[in-house]
Ligand SMILES: [Zn+2]
């Protein structure tokens, strides 16, 4: 990337700075809390209109009923929408696709400002979603506007999409965008998910997630004659002991991937809910518990599931429980792509040129929409880069520094110019 090009992008972004602030502020005023998934239609219209004003071909996709199975009860009746804006340069390919999720987690308490007020103060923009991740969507759209303002004509296609429901697993959002064929290796050369993994970091992947419920079945009996029954709470205790003895030592393995924060460089397995019993003098017939297991890139869902189910099978064989049911909630393998590829090289060079320092490489401790593009869309050139800061996500008084937003726009614009090529 030539420094003259970086200078032009920087100058254009500075001119557009007030417009970026106002746009993100208005975007944050649209309360898109998920669950349940409010104001989605209004939100995609807001984004689509902006894309159209930049000359994009805009497609609004209402996610069909059959793709909404995974929606929680409280979200039923709230329609899901995706918006895709395609701006064609002088040629169709290469194509870069930027994508972000526009749903936000509920604001919750502890705010000193209105979470949906769009306040701009002290060089920051406040609101639920300011970091995670309406700033990312704003930045991807303004990257295109910046290139146009700078008079830099692109050779390939610049695609920008916004999806719902990442905060509840992503199936109707990015999952559907990929499965409907709108983001696959056939039509896309490069993909950047604009999640907040810090403005100076390129995120190559994330840990895997295995969320499940185990329901252990026993036999009900009077509390005075426990030998007439089979207590599934005791069964759960045995299960937890065997998890400690057999699985936990294997979780001591430290990943070779730079997952951050560093404490997340190992697999973590937590029991998060437990339910059993309704009366003091009755042995209950079921005990169920849910588990949140995060897997380092060296581990797989298949392995983890095998470990837990083999213990459950053993408990049935030994007569500790009568039977059990495993109910998956999320089964997502770890995701990682190569550092050595043109997309990452472009982010490194452009990031350094804009920020004046080396970009870092990391892996996210949680999961995000990147996995759909990689595992189901078949894209190896799919990474996460966004202007927001991870530490501010899901917090009260969430905000983004306007400087971070503008720098993010400049980096995305420069990366698009670098990878798509320019007509000059
Ligand atoms: Zn997010």
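The values are calculated or read from the model by the stated rules, or taken from the named source; none is laboratory data. The structure displayed is predicted, hence computed values, not measured ones. No Cβ is skipped: glycine too gets one built from the backbone with ideal geometry, and neighbour counts run over all protein chains shown.
A compact table of results
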| item | result |
| --- | --- |
| Matching residues in segment 375-396 - criterion: being more than 15 Å from the ligand (Cβ to nearest atom), assigned to a loop (DSSP other than H, G, I, E, B) and under 24 Å from residue 339 (Cβ atoms) | 377, 378, 379, 380, 381 |
| Which numbered condition residue 297 misses (of (1) over 27 Å from the mean Cα position of the chain (by Cα); (2) part of a loop (DSSP other than H, G, I, E, B); (3) surrounded by 13 or more Cβ atoms within 10 Å (Cβ to Cβ)) | (1) |
| Residue among 365, 387 that is closer than 22 Å to residue 115 by Cα and touching a residue at least 40 places away in the same chain (Cβ under 8 Å) | 387 |
| Where a residue in segment 215-233 is touching a residue at least 12 places away in the same chain (Cβ under 8 Å) and assigned by TED's automatic domain parsing to the domain that holds residue 322 and its partner, wherever it lies, is assigned to a loop (DSSP other than H, G, I, E, B) and surrounded by fewer than 14 Cβ atoms within 10 Å (Cβ to Cβ), with Cβ under 6 Å and at least six apart | 223/281 |
| Residue within segment 302-318 that is in contact with a strand residue (DSSP E or B) (Cβ under 9 Å, 6 or more places away or on another chain) and within 30 Å of residue 391 (Cβ to Cβ) present | yes |
| From 172, 199, residue being part of a loop (DSSP other than H, G, I, E, B), surrounded by 18 or more Cβ atoms within 10 Å (Cβ to Cβ), in the same structural domain as residue 145 (by TED's automatic domain parsing) and within 16 Å of the ligand (Cβ to nearest atom) | 199 |
| Residue match in segment 106-129 (condition: surrounded by fewer than 17 Cβ atoms within 10 Å (Cβ to Cβ), within 19 Å of the chain's Cα centre (by Cα) and within 16 Å of the ligand (Cβ to nearest atom)) | yes |
| Meets criteria (in the same structural domain as residue 55 (by TED's automatic domain parsing), at pLDDT 95 or above, in contact with a helix residue (DSSP H, G or I) (Cβ under 7 Å, 6 or more places away or on another chain) and within 16 Å of the ligand (Cβ to nearest atom)) for residue 150 | no |
